[in-house]
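Working notes for the structure below.
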Amino acid sequence: MIVENHHIAHLNVVSKYYRFAPEEIDIAIKDFQSVLEKHGYHPDGRMLFSILSDPTSEIMNAEIFLPIKEDNVMIQEQEQINFRSYLSIKPMIMTRVMEDFDAQSQVRYWELIDYIRRNGMKQKTPVFAEFKNSHLGRDYVEMSVGV
């Protein structure tokens, strides 16, 4: 199911670009977290990323976003970290992946792209994947794209 009028909004977000094999996303996230921790910053546990390449590519280009507890960032330029005091993207369309994340994320990605085409919309952002946890403790992913 595709939901319209979705919105992503976070305060105090740092981001960094990565290239990795899709199965190595955890390595990229851990690297990013260690860079932040080395400089005294504290991710708040939430995470999202934008898919900047064809999702079927062997190597993925992505921008990983981590909201942090601090409200400013002073990190050396060579770390190539971007800071946004407020990240807001709207309007978007969104779908959820509730299980079998590896296989279903490919299916949902193409469902979003097809929905845009069928409804005469224009894609304005890359596809975002946001990891979430329900009040019952169930992990899921929201995949969304700006239109």
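The values are calculated or read from the model by the stated rules, or taken from the named source; none is laboratory data. Everything numeric here is computed off the predicted structure, so don't read it as measured data. Neighbour counts are summed over all protein chains in view; Cβ atoms, including those assigned to glycine, are modelled from backbone coordinates with ideal geometry. In case anyone asks, the SASA skips ligands and DNA or RNA and just uses the protein heavy atoms, side chains included. Shrake-Rupley method; radii C 1.70, N 1.55, O 1.52, S 1.80 Å.
In region 1-50, what count of residues is obtained for those that are without any contact (Cβ under 8 Å) to a residue 40 or more places away in the chain and β-branched (Val, Ile, Thr)?
3
Just to verify a result, which residue in region 3-39, among those that are more than 14 Å from the chain's Cα centre (by Cα) and open to solvent by less than 40 Å² (accessible area, probe 1.4 Å), is nearest to ALA103 (Cα to Cα)?
Once the filter is applied, the top-ranked residue is ALA21.
Has region 91-114 got any residue that is over 21 Å from TYR140 (Cβ atoms) and surrounded by 12 or more Cβ atoms within 10 Å (Cβ to Cβ)?
For region 91-114, residues over 21 Å from TYR140 (Cβ atoms) and surrounded by 12 or more Cβ atoms within 10 Å (Cβ to Cβ): present.
Is it the case that some residue within region 16-26 is small (Gly, Ala, Ser) and either within 20 Å of LYS69 (Cα to Cα) or at pLDDT 95 or above (or both)?
Looking for residues that are small (Gly, Ala, Ser) and either within 20 Å of LYS69 (Cα to Cα) or at pLDDT 95 or above (or both), one finds none in region 16-26, hence no.
Those residues that are touching a Ser or Thr at 6+ places or on another chain (Cβ under 8 Å), within 16 Å of MET1 (Cβ to Cβ) and not acidic (Asp, Glu), I need them from region 99-146; list them, please.
Scanning region 99-146 gives ARG108, LEU112, TYR140, VAL141, MET143, SER144, VAL145.
Taking the condition of being in contact (Cβ under 8 Å) with a residue 40 or more places away in the chain, among the polar types (S, T, N, Q) and either surrounded by 15 or more Cβ atoms within 10 Å (Cβ to Cβ) or touching a strand residue (DSSP E or B) at 6+ places or on another chain (Cβ under 6 Å) (or both), how many residues in region 51-62 meet it?
First, pick out the residues of region 51-62 that are in contact (Cβ under 8 Å) with a residue 40 or more places away in the chain: 51-52, 55-56, 59-62.
Filter again for among the polar types (S, T, N, Q), leaving 56, 61.
Next, from what is left, pick out any that are either surrounded by 15 or more Cβ atoms within 10 Å (Cβ to Cβ) or touching a strand residue (DSSP E or B) at 6+ places or on another chain (Cβ under 6 Å) (or both): 61.
So the answer is 1.
Need the failing condition index for GLY120 against (1) of a type in the set (Gly, Ala, Ser); (2) open to solvent by 30 Å² or more (accessible area, probe 1.4 Å); (3) in contact with a strand residue (DSSP E or B) (Cβ under 9 Å, 6 or more places away or on another chain), just the number.
(3)
Quick check: anything in region 76-84 modelled with pLDDT of 95 or more, over 18 Å from the mean Cα position of the chain (by Cα) and either surrounded by 10 or more Cβ atoms within 10 Å (Cβ to Cβ) or not aromatic (Phe, Trp, Tyr) (or both)?
Taking every residue of region 76-84 in turn, none turns out to be modelled with pLDDT of 95 or more, over 18 Å from the mean Cα position of the chain (by Cα) and either surrounded by 10 or more Cβ atoms within 10 Å (Cβ to Cβ) or not aromatic (Phe, Trp, Tyr) (or both).
Specify the residue that is nearest to ASN12 (Cα to Cα); the eligible residues are those in region 40-63 that are hydroxyl-bearing (Ser, Thr, Tyr) and part of a loop (DSSP other than H, G, I, E, B).
TYR41
Test of understanding: among GLU130, GLU70, which residue is of a type outside the set (Ser, Thr, Tyr) and either more than 13 Å from the chain's Cα centre (by Cα) or exposed (fewer than 15 other Cβ atoms within 10 Å of the Cβ) (or both)?
Result of the check over GLU130, GLU70: GLU70.
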